[in-house]
1. Taking Cys191 as meeting all but one of (1) outside any loop (DSSP other than H, G, I, E, B); (2) more than 11 Å from the ligand (Cβ to nearest atom), write down the number of the exception.
2. Can you name every one of the helices (runs of 4 or more DSSP H) wholly within region 203-313 that holds 2 or more residues which are within 14 Å of the ligand (Cβ to nearest atom) and either at pLDDT 95 or above or surrounded by fewer than 22 Cβ atoms within 10 Å (Cβ to Cβ) (or both)?
3. For region 165-182, check the following and say yes or no: at least one residue is modelled with pLDDT of 95 or more, of a type in the set (Phe, Trp, Tyr) and within 16 Å of the ligand (Cβ to nearest atom).
4. Under 7 Å between Cβ atoms, which residue pairs at least 6 apart in sequence (or on different chains) link something in region 228-249 that is of a type in the set (Ser, Thr, Tyr) with a partner that is open to solvent by 50 Å² or more (accessible area, probe 1.4 Å)?
5. How many of the residues in region 405-421 are open to solvent by less than 40 Å² (accessible area, probe 1.4 Å) and part of a loop (DSSP other than H, G, I, E, B)?
6. Do we have any residue at all in region 319-335 that's assigned to a loop (DSSP other than H, G, I, E, B) and closer than 30 Å to Pro142 by Cβ?
7. Given Lys381, Lys367, Lys424, which one is part of a helix (DSSP H, G or I) and among the charged types (D, E, K, R)?
8. Please verify whether region 326-347 includes one or more residues that are touching a strand residue (DSSP E or B) at 6+ places or on another chain (Cβ under 6 Å), aromatic (Phe, Trp, Tyr) and either free of Cβ contacts under 8 Å to residues at least 12 places away in the same chain or closer than 28 Å to His278 by Cα (or both).
Amino acid sequence: MGTGLAIHGGKKAVTADTRDQWRRPVAEEKAAVCELIDQGFLSGSGTGKPKEFEDQFREFIGCKYVLATSHGHTAIASAYFAAGLGAGDEFIHPTIGYLGSYAGALHMGAKPVFCEVDPKTVLADPKDIERRITPRTRVINPIHMCGRVCDMDALLALCNKHGLVLVEDAAHAHGSEWGGVKIGNLGHIACFSCQGIVPGGKPVSAGEGGIVATNDRELYERALIYCHLHRSGSLEELTNPVYKQLDAQLLGWKWRAHPLALAIAQVSLKTLPYRIEHFIATREELRAKIRDIPGVEFAHNYPKAKAAELYGGYWLLYDANALGGLSAEVFCKALNEEGVPITARAFRAPEHLRAIYTKDLPGLWGKGHPGPANIPLPRYKKGDYPVSEGLVGKVLGMPGWIDPARGLIDQIATAFRKVADNYKALL
Ligand SMILES: Cc1ncc(COP(=O)(O)O)c(C=O)c1O
C-alpha cells in the first residue's frame, strides 16, 4: 500500500523494550519481610511495623492521622462510616468509577447517585454533582483516577455549602498534589489502596493493603472504631467520650493491614518520590513530542494538580473527527502493530450500567429483598449519563514509564505520527 505502516507490512516504529526498566528493590523487600518472620510479628495494629508504617505515611502526606487497612475498599468503607453515612442516605460517585470504591456504602444501605465526568479531565464533574445533591446526600466520593486530581477547590466548596463530607478515593493518588499540598492533607478524608506491586501496582504497593488519611480527629476516631478491632492502645488513644466506652473489640470489623504487607509497603514508599518524578518527566517528554499530532491528546489535568499517574497509565482523549472518522479501535490496532501498547478502552462500562442496577436478579439479595440492607437499589438505564457513556471507547489507555528503555519515547511518538499521517489508508 506504500504507507510504511506496520499494519500494511511496513517496519514497526517501536523496536525498544516497552517494559518499564525500573526494578523494585526485591532484596530489600525480602529482608524486611524476613525480619518480621524472624521476630514472629505477623499480626497486630497500633504497634510495631504497622504503627511505624502509619507514622511514615503520615509524615509523607503531611497530615495528622493515618490508619493502615487490609485493602483500599475497606479503607473507603471505614471512611463512609466515619462520615456518618447510613441506610437511606445518598452518596455521589462518578459513573466512570469503581464498585470497590463504594461497596461499603452500598452494604450500609446507602443509595448510589452517580454523576457525570468532565469530558476533558474524565474526572467527577463538580457542576453535575451539584445538580444531584438532595437533602439526603451525605457524602461526595470522587476518584482521583490514575492519580489525576479532581477539582478539589470546587468539591470542597460544594461540601462546605451543603454540609457534606468529601470521601476521596485516592486509591491511585499517593503523592499526587493540589496546589502543592499532597492528597490526604487538604480534603476531609482520603483513602488509598496498596494493591498490586510496583511498577504497575498502586503507587505504594503491598500486594494488598489500604490507608485512611485525614486531618480531622473525629473522622479518624470513627474510622478507627469501625475497622481496627483490637488495635493496641485504642481505648487510651480515643478521645471521644462516647467511643471511649466501647471495649477493645470496638465495632467488630478487623480490617487492619497485614504486617508483612506493610513491610513491603514501607520499601515501596521509599522509592515513591523517585518514581513520581521520573514518571512525570517521561510523560511530559511524550506530551511535547505528540502535541501537534491531530486526533489525540492527553486527558487534561487542572492547573493546580500535580498528577502522579503511576497507576493506570496515560489516558488519552481521541477525536475521530480530526482523522476523517477513523475509529479509535482501528487507530489503536494500527498503533499496536507499530509496537505501541495502547487500548481504545482505558476504562470499562460506566457504573450505572452494572447488572445490579439494570437487571432483575431474583434471589440475589436473599429473601426477595431488592438490594443489600433491605433497601432497594436504584434502577438506571442506557442514556441516563450521556456524557460519560459517550466517552466509552474514546479514551485510550497506555502504560506510563518510570524509566523507559533508551529511545522508546521517541519511537512511540514516531508511531503516533506515522499512523496519524496515514489515516486515510486506514479508513
Ligand atoms: C479507583 C479504585 N478505588 C478503590 C479501589 C480498591 O482498592 P483495593 O483493591 O485495595 O480494595 C481500587 C482498586 O483497584 C480502585 O482502582
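1. (2)
2. 259-290
3. No: region 165-182 contains no residue that is modelled with pLDDT of 95 or more, of a type in the set (Phe, Trp, Tyr) and within 16 Å of the ligand (Cβ to nearest atom).
4. Close Cβ pairs satisfying both conditions: Ser232/Thr47; Thr239/Arg217.
5. Total satisfying the criteria: 2.
6. So far as region 319-335 goes, yes, one or more of its residues are assigned to a loop (DSSP other than H, G, I, E, B) and closer than 30 Å to Pro142 by Cβ.
7. Checking each option against the conditions leaves just Lys424.
8. Looking through region 326-347, none of the residues is touching a strand residue (DSSP E or B) at 6+ places or on another chain (Cβ under 6 Å), aromatic (Phe, Trp, Tyr) and either free of Cβ contacts under 8 Å to residues at least 12 places away in the same chain or closer than 28 Å to His278 by Cα (or both).
The values are calculated or read from the model by the stated rules, or taken from the named source; none is laboratory data. Note that the structure is predicted; figures quoted are calculated from it, not measured. Note that we place each Cβ from the backbone using ideal geometry, even for glycine, and neighbour counts take in every protein chain shown. Heavy atoms of the whole protein, side chains included, go into the accessibility calculation; ligands, DNA and RNA do not. Shrake-Rupley method; radii C 1.70, N 1.55, O 1.52, S 1.80 Å.
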